[in-house]
Structures are given as structure tokens and as C-alpha cells.
Amino acid sequence: MKKYDVAAYIWPAYTGDEPRTRIFWPEGMGEWQSVKSAVAKYPGHQWPRRPLWGYVNEADPYVMEMEIEAAVDHGVNVFIYDWYWYDRRPFLENCLNDGFLKAKNNGKMKFYLMWANHDAVALWDKRNSNDLETVVWQGSQTRREFERAMKRVIDKYFRLPNYYTIDGKPVFMIYDVPKLVEGLGGVEETKKAIAWFRQACVDAGLDGLHLQFTMWNESFTNLSGVDGGKAVPAQAFVDVGFDSCSHYQFVHFANIDRNYEDVLPDVEREWKKLETLPFPYFPHVSVGWDNNPRFNDFRPGVLKNCTPENIERALRMAKDYADRHPEQPPLVTVNSWNEWTETSYLEPDDLYGYGYLDAIKKVFVDQK
């Protein structure tokens, strides 16, 4: 039986253990506060939804031991933790450091980091979520801060035995390439910074670095960060120093204000375009999209009919893509393990129960 690496993104905000989260979620339970207060915005809107496991603290190792068992049993064997660096220090590390890494069974899973280096805006604070202009913290970082942050991930995470690697090299994903380039001062300076990052990994006794970026659409991310959104050729990402890419969400490249089954042909077409890239693209499946739990008023753009049966169809598409590319690791990314406020999660709920996890098990464990 072929083994696949099914990697689910984790939004590490379902804890109130870090004091800085209180400016967004003052009740002290992290973004569960927004999930708990979510209501239906129109007739037929499938909210509220409630987690079958309750509003658990995912920075609690006992909670994470339970979640790890459920994940592995259903074929999710990698977690991709959203990782943040704001105001010269990390943010939302508790779920990883105190939950996952202190869970006694964390050796059953691999993990890696996606640096979510976007600006932090008022979106997370439901009281002010209609203000998407005010920046709380800048996502772009200077070279000095880049080196401080990357030294931290090398020293604290890359050496761990369950850190996910490709060809023996720790995988590190960057969400917002333009923000990276903006902070570092341009493309050439970004090349130098990434070269430093690779060498720092080698100097730390590692085999190198596998640097991944988040693909948004087939026109590619604006690499310059300053030139008004011009598309760049794929080779430029190789030249800067990236090794592979995957998506984070269907909403980044598809019109999602439709039924799920109507979006899947667009996903297939997108993947077809990406097969010609000069670096591996790892197929991605999103479980849904509806970020109304973060807003008081109705927010347009809802992916509908996100049934376990439709998610299974998307997962089989991803498996087929991986099978067609035996030259690259059989990695599939999924959004997500727990993005409840974006309605894109695998964790069991009161609507479909364990249906989403069972869909992954059918495709990647049972392989029927």
C-alpha cells in the first residue's frame, strides 16, 4: 500500500494562553470566541456549527494527544503550523510549543511551519472586523529581523526528529512572498537573505533547506513586492531560492461563491497549468470557505455544499495528481485541521460528525 503525506494546516489560535491574544479575543479562549458567537446570516446558511470535541484548548498537551490519535487514525500524518513573527517576537506559538510538542504521542506525526508573514489587521477582532485597513502589526521584516526569526526556527524546530523533511532537508513554507521581498528590500536582497538562510541550516548541521511558497494563482505572486502587482515568470522563484509550492486555499484562485462540485473543474484546470512549473507543485484540497463567523454583518463569498462526499472527490483528485508525479514526494496539503472561522476544517462537528476525517481515511488509508 502506497503511503501518502497528508498535511493539514493548523490555525493556532484556539487557546487563550498567550496574553497578546486578548486584544483580539478578550474572553480568553482564543478565536473560539468568534466560533461560539457565530450565527446564520441568511436562510439555509449552515451556521452555527459546533465542535464535537468542545471549545478545547489546543495548547493543552492532553487535548493534542487526543487530536493526534484522531488525525493519524484517519490518515492525516503531518501538521503544518501557521507561524507568526510580529513586533520582534513570535506570536501564537503556544499551540505548537505547549500542545503538540508536549503531547506524549507527537512522534506519530510530522510537522512543519508555514510562516504566515501577512500583516495582522483588525480582522481577528470581531468587534472591529469590518476595518480591514488598520494594521496592528506589520508582516514584512527587515533583514535583521529575518535572521533573528529564522535562527529561532532553526534552533527550536528544524532539529526535532519529527520535523518534516524532503530529501533530508527541513521544509519551511512562506505565505506572502511580496511581503517577504518588501521587508528585505527587493529581489536581490531577498536572494541574499535566502542564501544566508540555507547556509545557516548547513552550519547548524542540517542537510540544507527545502523552501516552499504559497501559490495564489497561475499568474504567480508579485515577486517584487513594490511594482503594483505585475506577474513574474516561474523561473524567477527558482532564481530567488524556492524549491516547491502548494496552495493554502481554493479562494485564492477560484470563484468560490458556488457549490463545491462546481469549483472542482476549476481546481483541475489550475493544477494542469501548474504541472509545467520548473519546481514541484503539491496538490491542495480546501474543505470549504465561509468566513462569516469573523464578521457581524454578512460577508459575501460562501462555498456551498461542502459535504464529505464532495470533499472525498477533491481528495481523490489530489491522490491521482500525486500518483501521476512519482518523481516528487507524495505530499498533499489540506486546508485545514481547524480553520473554523473560515469554515474549512477537518475536526468533527455537529453537522457531519467525523465525515471529513472519514473521507480522508477512505482515500488515503483504505485506498478503495
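The values are calculated or read from the model by the stated rules, or taken from the named source; none is laboratory data. Since the model is a prediction, treat every value here as computed from it, not as a measurement. For neighbour counting, all protein chains shown are included, and Cβ atoms are generated from backbone atoms with ideal geometry for every residue, glycine included.
Could you check the stretch 1-19 and list, in sequence order, the residues that are surrounded by fewer than 24 Cβ atoms within 10 Å (Cβ to Cβ) and either small (Gly, Ala, Ser) or at pLDDT below 95 (or both)?
1, 2, 3, 16, 18, 19
Report yes if residue 283 is touching a residue at least 40 places away in the same chain (Cβ under 8 Å), surrounded by fewer than 14 Cβ atoms within 10 Å (Cβ to Cβ), in contact with a helix residue (DSSP H, G or I) (Cβ under 6 Å, 6 or more places away or on another chain) and not hydrophobic (A, V, I, L, M, F, W, C), otherwise no.
Considered against the rule, which asks whether it is touching a residue at least 40 places away in the same chain (Cβ under 8 Å), surrounded by fewer than 14 Cβ atoms within 10 Å (Cβ to Cβ), in contact with a helix residue (DSSP H, G or I) (Cβ under 6 Å, 6 or more places away or on another chain) and not hydrophobic (A, V, I, L, M, F, W, C), residue 283 comes out as no.
Kindly list, by first and then second residue, each pair from a residue in the stretch 127-146 that is assigned to a helix (DSSP H, G or I) to a residue that is charged (D, E, K, R), limited to pairs with Cβ atoms under 9 Å and residues at least 6 apart or on different chains.
Hits for this filter: 143/189; 143/192; 145/88.
Just one of (1) among the β-branched types (Val, Ile, Thr); (2) modelled with pLDDT of 90 or more; (3) buried (at least 16 other Cβ atoms within 10 Å of the Cβ) trips up residue 202, so point out which.
Residue 202 satisfies every listed condition except (3).
Please work out which one of (1) under 22 Å from residue 236 (Cβ atoms); (2) in a loop (DSSP other than H, G, I, E, B); (3) without any contact (Cβ under 8 Å) to a residue 12 or more places away in the chain; (4) not hydroxyl-bearing (Ser, Thr, Tyr) is the condition residue 188 fails and give its number.
For residue 188, the failing item is (2).
Of 35, 39, which residue is in contact (Cβ under 8 Å) with a residue 24 or more places away in the chain and not aromatic (Phe, Trp, Tyr)?
Among 35, 39, only 35 is in contact (Cβ under 8 Å) with a residue 24 or more places away in the chain and not aromatic (Phe, Trp, Tyr).
Considering (1) surrounded by fewer than 19 Cβ atoms within 10 Å (Cβ to Cβ); (2) of a type in the set (A, V, I, L, M, F, W, C); (3) over 30 Å from residue 323 (Cβ atoms), say which one residue 35 fails and leave the rest.
Of everything listed in (1) surrounded by fewer than 19 Cβ atoms within 10 Å (Cβ to Cβ); (2) of a type in the set (A, V, I, L, M, F, W, C); (3) over 30 Å from residue 323 (Cβ atoms), residue 35 misses just condition (1).
Filter the stretch 338-364 down to residues that are under 20 Å from the mean Cα position of the chain (by Cα) and assigned to a loop (DSSP other than H, G, I, E, B), then give me how many there are.
4
Listed here are the residues, each with its yes/no results for (1) surrounded by fewer than 21 Cβ atoms within 10 Å (Cβ to Cβ); (2) within 15 Å of the chain's Cα centre (by Cα).
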| site | (1), (2) |
| --- | --- |
| 76 | no, yes |
| 82 | no, yes |
| 87 | yes, no |
| 91 | yes, no |
| 95 | no, yes |
| 100 | no, no |
| 104 | yes, no |
| 108 | yes, no |
| 112 | no, yes |
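Is it true that some residue in the stretch 325-339 is at pLDDT 95 or above, under 19 Å from residue 50 (Cα atoms) and either among the β-branched types (Val, Ile, Thr) or in contact with a Cys (Cβ under 7 Å, 6 or more places away or on another chain) (or both)?
no
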